[in-house]
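Worksheet for the structure shown next.
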Amino acid sequence: MENANFITVFLDWLMTFETSALVAAATAIGVGLAMIAGIGPGIGQGIAAGKGAEAVSYNRKSGKQATMVMLLGAAVAETSGILSLVVALIMLFANPLIGMEGTAIVMVASAIGAGLSMIAGIGAGIGQGIAAGKGAEMVGKRPKHQSAIIRTMFLGQAVAQTTGIYAMIIALLLLFANPLL
Amino acid sequence: MEFGPQIIFEIPIFGGIPITDTVVNTWIIMIALTIFAIVSTRVMKKVPTGKQNVVEALVEVINNLTSQTMGEDKKYFSSYIGALFLFITVSNVLGLVGLRPPTADVNTTFALAALTFLMIHFFGAKSKGVGGYLKGFMEPFPFMLPLNIISELATPVSLSFRLFGNIVGGLIIMALAYGGLLSVSEAVGLEFFPIFQAGIPVALHLYFDIFAGVLQSFIFIMLTMVFVSVAMD
């Protein structure tokens, strides 16, 4: 045992626990990992807020409209954070892996993987925030075109969300319809 | 906790067809929208008054949106787009009256996205001719064919899961918030009368049901219009 590889020792040690305990532990890691996606909306909304402040400073008259567009865009940029929260809450309160029969290591990896996949939300959050910022900036400059700008901004943000949606599909598949189990 | 659609009853043919609350709530929306359409258009006047004003404004908004987004020559899609918008919006805000939104079931959203998918390819082939339509898959280079096919197949998936994910996310968070407020009420000894469930969830309803609900239905119809008009041009 002294010469054994560290990884082998670790895996052997893991196997001394019961399956349900292992899955619960992996769920805890996965829930924490899923919430890392919050980085994205944070950065994105910060960018949007900065651009909004800039727009207001250039043109006080259209300040209200720029603020409104900034808030709307930032609310959409929050979506990936909400999706991560949903996956984390499902894993905490309605985890289908707990109590399921199957290979312990695959279930453990699925729980961690479901959390890991949600990290993709960072990209969508930042991208949507940039779009919201640009929208606020341009509404500040040309308040007349507000409705057209908001429409284009929402459409682009919806498309930017796509990879985050794919991440959520994979996370839900790993939890509810896992083909590996 | 169970977040999926619940089976309400079974139709006792073919070994029992399960009917979930998704289907029942869809029927409720269908009946409500039909009654709304009949009542608001029964007595039409040249100069609109009352409820006819509201309906005419609604129709005009959707007509303008369609002709602006798809072009004046494709204005005839506005009847489908309007019906789609009304159905999805009413579904999304159904959480306000305590019913489960049908759009919180991936079967509903995927059916709607499949309609969009069929429209993209049917009208694309119709306006470009079958040859020109098939040639579109070889653009810009012939070896892009597999990638083009994958991206076409990804369209209904992302369209349906965007709507589903947003609505079911709101549904789960609302359910947990109500559960949490119930346990707060129990902690102060008011389990028979959960006072904290009154008033406090309004902000959550405002964001998840009204803002996200209307925004997602708007995004769904906008993407449908853009995809179909791009396929036709």
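The values are calculated or read from the model by the stated rules, or taken from the named source; none is laboratory data. As the structure is a computational prediction, the values presented were derived from the model and not from experiment. With ideal geometry, Cβ positions are generated from the backbone for all residues, glycine too; neighbour counts draw on all protein chains shown. Surface areas here come from the heavy atoms of the whole protein model, side chains and all, with no ligands, DNA or RNA. Shrake-Rupley method; radii C 1.70, N 1.55, O 1.52, S 1.80 Å.
A few points about this structure:
- The Cα trace of segment A:1-94 gives Rg and Dmax of 22.6, 75 Å, the first to one decimal, the second as a whole number.
- Per-bin percent of Cα-Cα distances, segment A:84-124 [10 Å]: 26, 52, 19, 3
- On association of chains B and A, roughly 2100 Å² of accessible area becomes buried (total for both chains; probe 1.4 Å).
- Taking a straight line from the alpha carbon of A:Lys134, these lysines sit under 29 Å away, with near neighbours fewer than eight places off in the same chain left out: A:Lys51, A:Lys61, A:Lys64, A:Lys144.
- In percent, rounded to a whole number, the relative contact order of chain B is 24, using alpha-carbon pairs under 8 Å and six or more apart.
- Solvent-accessible area per residue in chain B equals 54 Å², computed with a 1.4 angstrom probe and all protein chains kept.
- Note that segment A:17-176 presents 42 Å² accessible area per residue, ligands and nucleic acids not counted, probe 1.4 Å.
- Here the Karplus relation 6.51 cos²θ - 1.76 cosθ + 1.60, evaluated at θ = phi - 60°, turns the backbone of segment A:82-99 into coupling constants of 5, 4, 4, 4, 5, 4, 4, 5, 4, 5, 6, 9, 9, 6, x, 6, 6, x Hz, with x for every Gly and Pro.
- Residue-wise HN-Hα coupling along segment B:153-163, computed from phi with Karplus coefficients 6.51, -1.76, 1.60 (Hz; x: Gly, Pro): 6, 6, 4, x, 5, 5, 4, 6, 6, 4, 5
- Quarter of Cα convex hull surface for the protein assembly as shown, i.e. mean projection, nm²: 30.6
- Carbon + sulfur, % of accessible area of segment B:60-232 - ligands and nucleic acids excluded, 1.4 Å: 75
- Peptides A:175-181, B:22-28 ranked from most to least packed, by the mean per-residue count of other Cβ atoms within 10 Å: B:22-28, A:175-181.
- When chain B is treated as a GNM with alpha-carbon contacts under 10 Å, the residue of B:Gly213, B:Gly71, B:Gly82 showing the greatest mean-square fluctuation is B:Gly71.
- Size descriptor, Kirkwood hydrodynamic radius, that averages inverse alpha-carbon separations across segment B:131-224, Å: 16.8
- For B:Thr20, the residues whose amide H sits under 5 Å from its own are B:Ile8, ignoring neighbours fewer than 5 places away on the same chain, with H placed 1.01 Å from N.
- Proximal aspartates and glutamates to B:Lys128, defined as alpha-carbon separation beneath 12 angstrom and excluding residues fewer than eight positions away on the same chain: B:Asp233
- With q set to 0.13, 0.17 Å⁻¹, the log10 of I(q)/I(0) for chain A, from the Debye formula over equal scatterers at the Cα positions, is -0.69, -0.92.
- Mean-position separation - Cα centroids, segment B:110-184 and segment B:26-42, in angstrom: 28
- For chain B, the spread of Cα positions along each principal axis, largest first, Å: 72, 54, 42
- Cα-based shape type of segment B:23-95, given that a ≥ b ≥ c are square roots of the gyration tensor eigenvalues and the cut on a/c is 1.5: oblate
- For the peptide B:158-168, the mean number of other protein chain Cβ atoms found within 10 angstrom of a residue's Cβ is 5.
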